[in-house]
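The block underneath contains the structure these notes are about, expressed in structure tokens.
Here, each number is a calculation from the coordinates, and none is a lab measurement. Note that this is a predicted model, so its numbers are computed, not measured. Glycine gets a Cβ as well: all are built from the backbone with ideal geometry, and neighbour counts include every protein chain shown.
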């Protein structure tokens with residue numbers, strides 16, 4: 001039986017979750033898939049890890065749900081401990097950032113509440129969390145551990 005519960009919990013003042021997301025880059029066109037979130041921030045496709053799911057399974061599932069694209073994980077780029085305050089609530093997120101690849105670069109219409117699109121790599125400068133901007137520039141070979149404190 002497939003678990004549908006996201007790995008997140010919280011109170012009125014504190015929220016915690018584990019997120020998996022990935023960079024899908026089309027080397028021919030020098031573009032990356034980005035996503036507008038409901039809070040109007042710009043990030044990469046991904047989402048909450050479900051109970052009993054690995055972060056690799058989560059990123060593959062999220063690309064299928066949000067873009068209708070089958071991907072495979074190339075490698076883990078970073079683990080980001082992401083802290084921010086929003087609407088007087090303190091958020092803590094463990095963010096697993098992957099490099100993924102696909103044979104298919106066509107974004108399909110999906111029921112998810114996101115707006116994915118392709119953007120030229122040279123135009124990407126304001127991703128959230130901010131640590132994603134440097135990761136996209138460098139695509140590190142060794143796994144990075146980043147602590148990020150941001151307020152919205």
* Report yes if residue 132 is closer than 22 Å to residue 38 by Cα and surrounded by 18 or more Cβ atoms within 10 Å (Cβ to Cβ), otherwise no. => yes
* So which of 7, 67 ends up being in contact with a strand residue (DSSP E or B) (Cβ under 6 Å, 6 or more places away or on another chain), without any contact (Cβ under 8 Å) to a residue 60 or more places away in the chain, farther than 21 Å from residue 135 by Cβ and surrounded by 14 or more Cβ atoms within 10 Å (Cβ to Cβ)? -> 7
* To do: Restricting attention to strands (runs of 3 or more DSSP E) lying wholly within segment 78-152, give those where 2 or more residues are touching a residue at least 40 places away in the same chain (Cβ under 8 Å) and over 25 Å from residue 30 (Cβ atoms).
  => 89-101, 144-151
